[in-house]
Amino acid sequence: IIIDPPIVPPPPEWSPWLTIRYHRVMVAIEDQVAITRVDQVFRNDSPTEAEGVYIFPLPPGAVVDDFTMWVDGTPLESKILPADEARAIYEDYVRRRQDPALLEYIGREAIQARIFPIPPGEERRIELEYTQVLEIENGLMHYRYPLNTERFSAYPLEQVSISVEIASKTPIHTLYSSTHQDEILIMREGHYAATVSYEAHHILPERDFELYTGFGEETIAANLLSYAPEGEAGYFLLMVSPNLFQEQSAVLPKDLFIVLDTSGSMDGEKLTQAKEALDFILENLNSEDRFNIIAFSSTIRAYARGPQAATEIAAAKNWISDLEAIGGTNIYLALSEALAQAASERNTVIIFLTDGLPTEGITEEDTLLSALQQETPEAVRIFPFGVGYDVNTLLLDQLAENHRGRPTYVEPDERLDEIVSAFYARIQSPLLTDIALDFGAVEVYDTYPQPLPDLYAGAQLIVAGRYTGRGAQAITLTGNMGNQQKTFRYEGAFAAAEGEDFIPRLWAARKIGFLLTQIRLHGENQEWVEAVVALSLRYGIITQYTSFLVEEEALTTEGREWAADELLAVPTPAPSGEDAIQEAKSREALEGAQAPPPAMEAPLGFKEENGGAPGMTFKYAGDKTFMCSASTCTDTAFIPDQMAPLTVRFDSETYWQKLAANPNWLPYLALAPEVTFVTADGTAYHVQPGANVVEDPLPEPDDKDTSVTAPTQEVQPGNSIEPQGPENTPKVSVSQSPNACAAPLALAALALLLVLVLRR
């Protein structure tokens, strides 16, 4: 809701005036037609009555066939604004309030309605419904909802929820959210229907909601998205999605070994939850699977001498219930027993649960890993679970890396049974092992994850990487189904210019996670360290190693060199303990990221302890990352000691001319009144706040440029632009003197005083 300003501007603490108490969205998509229903409640938290215009910016490309709108249950007169009319409203607001927040919506159509006065402390409920036709590109249907409310709500929202119900005549394969993948719940209802849900509480959403859906009859589908920034190699994202409801004949039989720590430290709730997790796994074995359970402490106790058929489940559950926790921790003995029972011709998974360090048998880390490496058949995958803070993260991480698994760490306040059960549900039905990809004539490199994991029914494989070359290509996926090699072929188009701008951040998160793991496991390497610093700055991905980067000084050449030295100087946490677990989970989250991580600021307390600038955070706009304070944002591609930025005054005539000529700047400039950014050709711009002008809602906004420049260069329309130097004296335009505003200010103050007296 855009509030009509009073005679004088409200104090800063009144802006924004309103709080969006909740924001609920219900979407029904059937055969590319999406009906979106929006339900919002606005509360006036200012001490004065608020009145204004409700603006709903329609998603890019949306074609609205029908819409309805209500306020507090009463139908409201409203209309659809074409993009040019909506632009005029946005620009007028920006000029009057000296606030660029609406700039990112320029170019969109909008729905507009007049909102009647909202008294202090009262609420207005707005319900909206619109219909749009969604396009399918590269085999993916793309839905986008404008959820970003960060700049338009005085306080965090009590609730945000989105529910998307999808129905199709073609089987649904891919379901992927580039903005909320790690936070959505996906419920499939057969081949042709699914529901995607997202819910959060007490937050200020900073991202729109985006959902990609792929359809097809294939057993295994693949969809390609790409992004090609000007002058750089491209970035790609390949989503490989097997049919959730596979024929049983397509699922590979597996041998499953559960290696369970029953040392004395597992006594109590940990062992109880472990037993519940094992019961769940056994109850969900596939009919052709085989299993065995090996409990270990100082010695081992196996359920059977070798893998057993799924018909043995009931007896095995009784055996599990009698297990007790006592003795030491002989990790080598337990794992070597499982490996001795593994058959080289069968797909084999070992789930290894432990809560402690090796205390008996082979206890030296490198010796233990080397011995196991020599004993492991190629088809074996080991997935370690570290329970509590007393596990050796280096040992478990290396064990997973050596045997193509992934480690999971369970903290004391987390439920082991829920985490293990959820993991097993993802790997229950293997389809394809030893996967390889070929991308035709396009050169693909720097891909993650490394190596490619196995593919399971209902689990989506997401591969991110870089590419050179362009155009449509044949993509080939190969892998083993038992003893047979299978080949699948797809068509994908690698973008020649731009595309999906979220992909670089996802790729960068995975690369940072991979590099940090290599540094942790194999020691510091100068190139790895410098790459982590450069990627963290460029993409705003902060880890506990790089939290010191949230300082503007880090953008300078000296600062970047200092940052690499600081990263090398960060104390390496001990292999075990709470810090080690947190560090390992952080790396694992980055390395296995399914979507770009949200913008983050330095950990609480860090900036104050280390002299950092308070309130600095990273924000994203397009494919750029900005380091922001309360009123300024700086592109992390800007190097202050190497670049001389060209200056433009916010809200000047030049400012609007530049925006009209460069619409791709809009997301950058919407961040703050003062923004520094670097364009694709390497030119840096510094947008400075405009002159202080008292708002007057009566006259039309003056379109003359009365901006004032300091001794830096201002871009003037029609003039050539040169960086400032000794021979380039900057032009200074003349503005009103401060005294010119004194009379209007005095009159406005008297008018406000008179109104207050009359009200009393």
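The values are calculated or read from the model by the stated rules, or taken from the named source; none is laboratory data. Since this is a predicted model, take the numbers as computed values, not measurements. Using ideal geometry, Cβ is built from the backbone for each residue, glycine included, and neighbour counts are taken over all protein chains shown. Just the protein is used for accessible areas: all its heavy atoms, side chains included, with ligands, DNA and RNA removed. Shrake-Rupley method; radii C 1.70, N 1.55, O 1.52, S 1.80 Å.
Does the range 435-464 hold any residues that are on the phi > 0 side of the Ramachandran plot and either surrounded by 21 or more Cβ atoms within 10 Å (Cβ to Cβ) or modelled with pLDDT under 95 (or both), and which are they?
Quick first cut of the range 435-464, residues on the phi > 0 side of the Ramachandran plot only: 440, 446, 458.
Of everything in the range 435-464, those that are on the phi > 0 side of the Ramachandran plot and either surrounded by 21 or more Cβ atoms within 10 Å (Cβ to Cβ) or modelled with pLDDT under 95 (or both) turn out to be 440, 458.
Filtered by the rule that a residue be modelled with pLDDT of 80 or more and out of contact with any Leu (no Cβ under 7 Å at 6 or more places or on another chain), the range 52-71 gives 52, 53, 54, 55, 57, 58, 59, 71.
Among the residues of the range 353-403, those that are assigned to a helix (DSSP H, G or I), out of contact with any Pro (no Cβ under 6 Å at 6 or more places or on another chain) and open to solvent by less than 30 Å² (accessible area, probe 1.4 Å) comprise 368, 369, 371, 372, 395, 398.
Considering only the range 34-46, I want to know if a residue exists there that is in a loop (DSSP other than H, G, I, E, B) and modelled with pLDDT under 90. I'd like the intermediate steps shown before the answer.
Here is the first cut: in the range 34-46, the residues in a loop (DSSP other than H, G, I, E, B) are 45-46.
Next, only the ones that are modelled with pLDDT under 90 stay: 45-46.
Yes.
Given the conditions (1) at pLDDT 85 or above; (2) buried (at least 18 other Cβ atoms within 10 Å of the Cβ); (3) of a type in the set (D, E, K, R), and given that residue 601 satisfies all but one, which numbered condition is not satisfied? Just one mismatch for residue 601, condition (1). Among the residues in the range 252-262, are any at pLDDT below 95 and hydroxyl-bearing (Ser, Thr, Tyr)? There is no residue in the range 252-262 that is at pLDDT below 95 and hydroxyl-bearing (Ser, Thr, Tyr).
Considering the conditions (1) over 30 Å from residue 208 (Cα atoms); (2) at pLDDT 95 or above, residue 432 is excluded by exactly one of them, (2). Return a yes/no flag: does the range 221-228 have any residue that is under 23 Å from the mean Cα position of the chain (by Cα) and under 19 Å from residue 36 (Cβ atoms). There is no residue in the range 221-228 that is under 23 Å from the mean Cα position of the chain (by Cα) and under 19 Å from residue 36 (Cβ atoms).
Taking residue 54, is it without any contact (Cβ under 8 Å) to a residue 60 or more places away in the chain, open to solvent by less than 30 Å² (accessible area, probe 1.4 Å) and under 30 Å from residue 689 (Cα atoms)? Outline the logic, then answer.
On the way: without any contact (Cβ under 8 Å) to a residue 60 or more places away in the chain: no; open to solvent by less than 30 Å² (accessible area, probe 1.4 Å): yes; under 30 Å from residue 689 (Cα atoms): yes.
Criteria not met by residue 54.
Restricted to strands (runs of 3 or more DSSP E) entirely inside the range 214-309, those with at least 1 residues that are open to solvent by less than 40 Å² (accessible area, probe 1.4 Å) and farther than 24 Å from residue 399 by Cβ are 220-228, 234-242.
The C-beta contact set for the range 145-172 (first residue farther than 22 Å from residue 62 by Cβ, second residue part of a loop (DSSP other than H, G, I, E, B), distance under 6 angstrom, 6+ apart or interchain) comprises 154/16; 154/45; 156/204; 171/191.
Taken together, the residues in the range 57-87 that are open to solvent by less than 20 Å² (accessible area, probe 1.4 Å) and more than 21 Å from residue 19 (Cβ to Cβ) amount to 5.
Quick grid of which residues meet (1) among the polar types (S, T, N, Q); (2) within 26 Å of residue 503 (Cβ to Cβ):
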residue	(1), (2)
408	yes, no
425	no, no
429	yes, no
446	no, yes
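Against the numbered list (1) out of contact with any Gly (no Cβ under 8 Å at 6 or more places or on another chain); (2) farther than 17 Å from residue 383 by Cα; (3) touching a residue at least 24 places away in the same chain (Cβ under 8 Å), residue 327 comes up short only at (1). For the range 105-130, taking the residues that are β-branched (Val, Ile, Thr) and open to solvent by less than 10 Å² (accessible area, probe 1.4 Å), the one that is farthest from residue 22 (Cα to Cα) is identified as 111.
Taken over the range 126-149, the criterion of being of a type outside the set (S, T, N, Q) and farther than 25 Å from residue 114 by Cβ is satisfied by 133, 134, 135, 136, 137, 139, 140, 141, 142, 143, 144. Selection of the range 650-686 for residues being within 27 Å of the chain's Cα centre (by Cα) and of a type in the set (Lys, Arg) yields an empty set. Only one of the listed residues (647, 636) is within 17 Å of residue 533 (Cβ to Cβ) and either modelled with pLDDT of 80 or more or of a type outside the set (Gly, Ala, Ser) (or both). That residue is 636.
Pairs are defined by a Cβ separation below 9 Å, a sequence spacing of at least 6 or placement on different chains, a first member in the range 490-501 that is touching a residue at least 24 places away in the same chain (Cβ under 8 Å) and in a strand (DSSP E or B), and a second member that is β-branched (Val, Ile, Thr) and surrounded by fewer than 16 Cβ atoms within 10 Å (Cβ to Cβ); the pairs so defined are 490/476. Listed by first and then second residue, the pairs linking a residue in the range 31-42 that is in contact (Cβ under 8 Å) with a residue 12 or more places away in the chain and exposed (fewer than 15 other Cβ atoms within 10 Å of the Cβ) to a residue that is part of a strand (DSSP E or B) and aromatic (Phe, Trp, Tyr), with Cβ atoms under 9 Å apart and 6 or more places separating them unless they lie on different chains, form an empty list. Within the range 311-324, restricting attention to residues that are open to solvent by 20 Å² or more (accessible area, probe 1.4 Å) and of a type outside the set (Asp, Glu), which residue is farthest from residue 260 (Cα to Cα)? Step by step, filter the range 311-324, then rank; the result is 311.
Taken together, the criteria exclude residue 149 from residues that are more than 30 Å from residue 629 (Cβ to Cβ), hydroxyl-bearing (Ser, Thr, Tyr) and within 29 Å of the chain's Cα centre (by Cα). For the range 493-506, taking the residues that are modelled with pLDDT of 90 or more and open to solvent by 10 Å² or more (accessible area, probe 1.4 Å), the one that is nearest to residue 542 (Cα to Cα) is identified as 505.
Which one is farthest from residue 74 (Cα to Cα), of the residues in the range 106-122 that are in a strand (DSSP E or B) and small (Gly, Ala, Ser)? The residue in question is 110.
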